[in-house]
Amino acid sequence: MCQIRPLLPVVVMLLAGCASTPTPKPSADYPQARAQIQQRLNEIFDAAEKKDLDRLDSYHLYGPKFSKFAGETFSRQDAATSRQGEHDGLGTINNLSMKADDLKIDLFGDVGIATFVLNYSFKQGTDTVEKKARSTMVFVNESGAWKIAHEHFSTPKSNP
């Protein structure tokens, strides 16, 4: 009992501190910023579908901090490789149609993360190709404009 008595004030202070700690408020939903990112996704899809490569490029934060994972490779793409891949890929297809299903947008200050299932189809030659990909896009607000800083697309093995 003598050994516990000196610790009693410390325990009381710790418990009082825990009891008086304010409960954190849930983070704001940021509906305006989320709507801006959703609009930017629509603009990205529209630019890709119309093969408007200059406009598509303008939606990316191309530079040394840009990165992308795509396709069957495990290597990370830099800005130049990603841009070239998008330009080359869009040049070989026609009638591209893209849609983001199950879209979720989370905001962390000037960073927004959009996760969704990308449903897309296109014509390659005479064949129509329909696919789905798990997708993540990280957006950074640069001077009031949401730009892509990172993209990640993965196609499940059992993709239709």
(message) Cβ-Cβ distance below 7 Å, separation of 6 or more or different chains: which pairs start in segment 36-63 with a residue that is surrounded by fewer than 14 Cβ atoms within 10 Å (Cβ to Cβ) and end on one that is of a type outside the set (Lys, Arg)?
(response) Gly63/Ala79
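Consider Asp101 carefully, then state whether it is under 20 Å from Lys50 (Cα atoms) and exposed (fewer than 11 other Cβ atoms within 10 Å of the Cβ).
Taking the combined requirement at face value, the residue does not satisfy it.
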(message) Out of everything in segment 73-98 that is within 19 Å of the chain's Cα centre (by Cα) and in contact (Cβ under 8 Å) with a residue 40 or more places away in the chain, what residue ends up being least open to solvent (accessible area, probe 1.4 Å)?
(response) Ser82
(message) Take Val129 and tell me if it is over 21 Å from Leu53 (Cβ atoms), open to solvent by 30 Å² or more (accessible area, probe 1.4 Å) and among the β-branched types (Val, Ile, Thr).
(response) no
(message) From the list Phe74, Phe116, Phe122, Phe139, exactly one residue is among the aromatic types (Phe, Trp, Tyr) and not in a strand (DSSP E or B). Which is it?
(response) Phe74
(message) Tell me which helices (runs of 4 or more DSSP H) are completely within segment 1-70 and hold 3 or more residues being more than 21 Å from Ser143 (Cα to Cα) and at pLDDT below 50, or say none if there are none.
(response) 8-20
(request) Look through segment 110-142, keep the residues that are polar (S, T, N, Q) and modelled with pLDDT of 95 or more, and return whichever of them is farthest from Ala70 (Cα to Cα). (result) Asn141
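The values are calculated or read from the model by the stated rules, or taken from the named source; none is laboratory data. Please read these numbers as outputs of a predicted model, since none were measured by experiment. Neighbour counts are summed over all protein chains in view; Cβ atoms, including those assigned to glycine, are modelled from backbone coordinates with ideal geometry. The protein model used for the area step is the full one, side chains on, heavy atoms only, and it has no ligands, DNA or RNA in it. Shrake-Rupley method; radii C 1.70, N 1.55, O 1.52, S 1.80 Å.
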